[in-house]
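Input: a single structure, listed below in structure tokens.
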């Protein structure tokens, strides 16, 4: 039985199919790839045919055919035959040509296809890689200050290399949390701090210590922030130990601090677990620098704040017993409060403030609203809530009536004295007619009669 020979497929069609498959696989645009191939064919033509000639290559996007054109400028007098053409010759081709126009003359060699394919192969591969790197750079440079997740693939000289999908990111030792250890295969979430162009593609630097990481985690965890109801004003962070976040609400009916903390602190606890059990203080932001500074020094109480607007200095007075709390361990609380507010904060105790004389630039404000704030959590209805104990007491009082009846019976018993008691009274010489100390009179005068 004879076998029908299949007709050889059109090489131009195969070329277009290969272009589409490559673009789909590498996720690059077809137009960029066609431009790269055309540039590669120009290089191949100049290398094998005429290096001095100014040429361009056009590939038909529908049929796959290609054409090589020599570009010549229309001039009156020719100085260079390779790059110029006379006005008379140009008018023969098209009478509409004028001096200075570019004339395109086709110069496609007959055997150019095979030579071009061999010479341009490496150049096309290189151009495809450059396109891919450019696409990756544009993608990740647009994602700076954003979160990214990935898995650790290797550790080189302290640098943790993380696979984030299309590329790899670098977590430098300075950007690693001090209380964390990283192992190959660990899944981590980090903050894209910087994206640079490199010879082998974009260099993506991520961070686990950046304050922006904490801000992005709050945005993911708190829906009110995503909706724009609550706004994060500033973040101050000592990575791995403690952070402070100031928040404000655009709705008077929404408590920004309570919304960020969540029910029983569930929202802030989820963020805390993500960054290695770092203590997070959420405070109320205020446009008034006095309230802002006093809130930033939380949990310490603030008695007064003196503000110098010119130099942005805040002189804070706290109770003597809370001076160390306001300053914090190694000055951490005061340092974070200064970062959070942008003010230079000088903290003094009440006894130390007696010897301080402030300049005229300072405006002193005493904070008297702090006491009622602490009295707010006293809910009035709660102590009155349990009415059940009163009912129980009423039920218990019923059996208590029985002993009271017994006492009355005891008092109603007649006073009876035995013979021995009578003899004792006789021996003591007590007169029977006198009333004893107990108030009893045994014999009345009427009986003697």
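Coordinate-derived values only; no laboratory data. On a predicted model such as this, the values are computed, not experimentally measured, just so you know. Reconstructed Cβ throughout: ideal geometry from the backbone, glycine too, with neighbour counts over all protein chains shown.
For the stretch 213-240 and the stretch 80-121, write down the distance between their C-alpha centroids in whole Å.
Taking the Cα centre of each part, the stretch 213-240 and the stretch 80-121 sit 62 Å apart.
Shape verdict for the stretch 190-317, please, from the Cα gyration tensor: rounded (a/c under 1.5), prolate (a/b greater than b/c) or oblate.
Cα axes put the stretch 190-317 in the prolate bin.
What's the extension gain from residue 277 to residue 46 if we count 0.36 nm per residue and subtract their Cα-Cα distance? Intermediate values should be presented prior to the final figure.
Working: separation 231, 0.36 × 231 = 83.16 nm, distance 6.45 nm.
Answer, rounded to one decimal: 76.7 nm.
Which length gain, in nm to one decimal place, applies between residue 81 and residue 287 when the Cα-Cα distance is subtracted from 0.36 nm times their residue separation?
Values: separation 206, 0.36 × 206 = 74.16 nm, distance 7.52 nm.
66.6 nm is the gain from fully extending residue 81 to residue 287.
Between residue 344 and residue 180, what's the calculated FRET efficiency when r is the beta-carbon distance and R0 is 30 Å? Round to 0.05. Walk me through the numbers before you get to the answer.
Working: r = 33 Å, r/R0 = 1.08.
Using R0 = 30 Å, I get an efficiency of 0.40.
Per 0.36 nm of contour for each residue apart, how much would the distance between residue 187 and residue 356 grow if the chain were fully extended, relative to their Cα-Cα spacing? Walk me through the numbers on the way to the answer.
Working: separation 169, 0.36 × 169 = 60.84 nm, distance 5.41 nm.
Residue separation times 0.36 nm, minus the Cα-Cα distance, leaves 55.4 nm.
Tell me, what is the FRET efficiency for residue 22 and residue 105 to the nearest 0.05, using R0 = 35 angstrom and their Cβ-Cβ distance as r? Let's see the in-between values first.
Values: r = 32 Å, r/R0 = 0.90.
Given R0 = 35 Å and the Cβ-Cβ separation, E is 0.65.
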